[in-house]
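Chemist: I am attaching a structure below and will ask some questions about it afterwards.
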Amino acid sequence: MFFKSSKINEFRLWGLLLTMLGMGLMVLGTAGVVFWGQSGKVVAGIGLVIGLIAMLGSLAIYFIAGMLSTSAVQLECPECHKLTKMLGKTDRCMFCKTMLTLDPDRANITAEQLQQQKTAAAPSAET
Ligand SMILES: [Zn+2]
């Protein structure tokens, strides 16, 4: 995990980055012809090929992300009470980035304990 975000969001981010990279390379490659003339055509060719591979890679990532999100567990985040999706046993909430886990051994606090803490800290909010 490179970023502090949920796995589904990270997949989307990488897909987007690869698409941008691919398009950028294609544009740069085409621009190479304008700037360097005949010798720029080689650069253009390489840029187009790498750009195309990057675009195909992003397509694959989007596809995998789509497949994964169908098998993701949907649950209500105990921290921000929004409906989020989890991949695997441990993932971050898509909205508040709280670490969530389905494995009781790895959890240091349960949803019930969190609720108790909140009600204990602010009893007037619970009416
Ligand atoms: Zn949350």
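The values are calculated or read from the model by the stated rules, or taken from the named source; none is laboratory data. Owing to the predicted nature of the structure, the values given are computational and were not obtained by experimental measurement. All Cβ positions, even for glycine, are placed from backbone atoms using ideal geometry, and neighbour counts span all protein chains on display.
Chemist: Kindly provide the set of residues from the range 46-85 that are in contact (Cβ under 8 Å) with a residue 60 or more places away in the chain and more than 8 Å from the ligand (Cβ to nearest atom), ordered by number. Step through it out loud before you land on a result.
Modeler: Initially, the range 46-85 is screened for residues in contact (Cβ under 8 Å) with a residue 60 or more places away in the chain, giving 68-69, 72, 84-85.
Hits for the range 46-85 are Leu68, Ser69, Ala72, Lys85.
Chemist: Return the total of residues in the range 60-85 being surrounded by 14 or more Cβ atoms within 10 Å (Cβ to Cβ) and out of contact with any Phe, Trp or Tyr (no Cβ under 9 Å at 6 or more places or on another chain).
Modeler: Matching residues across the range 60-85 total 4.
Listed here are the residues, each with its yes/no results for (1) in contact with a strand residue (DSSP E or B) (Cβ under 8 Å, 6 or more places away or on another chain); (2) modelled with pLDDT under 85; (3) among the acidic types (Asp, Glu).
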residue: Gly45; (1), (2), (3): no, yes, no
residue: Leu52; (1), (2), (3): no, no, no
residue: Ser69; (1), (2), (3): yes, yes, no
residue: Cys80; (1), (2), (3): no, no, no
residue: Lys85; (1), (2), (3): yes, no, no
residue: Gly88; (1), (2), (3): no, yes, no
residue: Arg92; (1), (2), (3): yes, no, no
residue: Cys96; (1), (2), (3): no, no, no
residue: Leu100; (1), (2), (3): yes, no, no
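Chemist: Would you list the strands (runs of 3 or more DSSP E) that sit entirely within the range 11-105 and hold 1 or more residues that are of a type in the set (A, V, I, L, M)?
Modeler: Values: elements: 73-76, 83-86, 90-92, 99-101.
So the answer is 73-76, 83-86, 99-101.
Chemist: Go through the range 39-84 and give me each residue that's in contact with a Ser or Thr (Cβ under 8 Å, 6 or more places away or on another chain) and over 26 Å from Gln116 (Cβ atoms).
Modeler: Ala44, Gly47, Leu48, Ala54, Met55, Ser58
Chemist: For residues in the range 97-110 being surrounded by 13 or more Cβ atoms within 10 Å (Cβ to Cβ) and free of Cβ contacts under 8 Å to residues at least 40 places away in the same chain, which is farthest from Val27 (Cα to Cα)?
Modeler: Step one: of the range 97-110, the residues surrounded by 13 or more Cβ atoms within 10 Å (Cβ to Cβ) are 97-102, 107.
Now restrict to residues that are free of Cβ contacts under 8 Å to residues at least 40 places away in the same chain: 98-102, 107.
Details: Thr98: 39, Met99: 40, Leu100: 41, Thr101: 43, Leu102: 45, Ala107: 48 Å.
Only one residue tops the list, namely Ala107.
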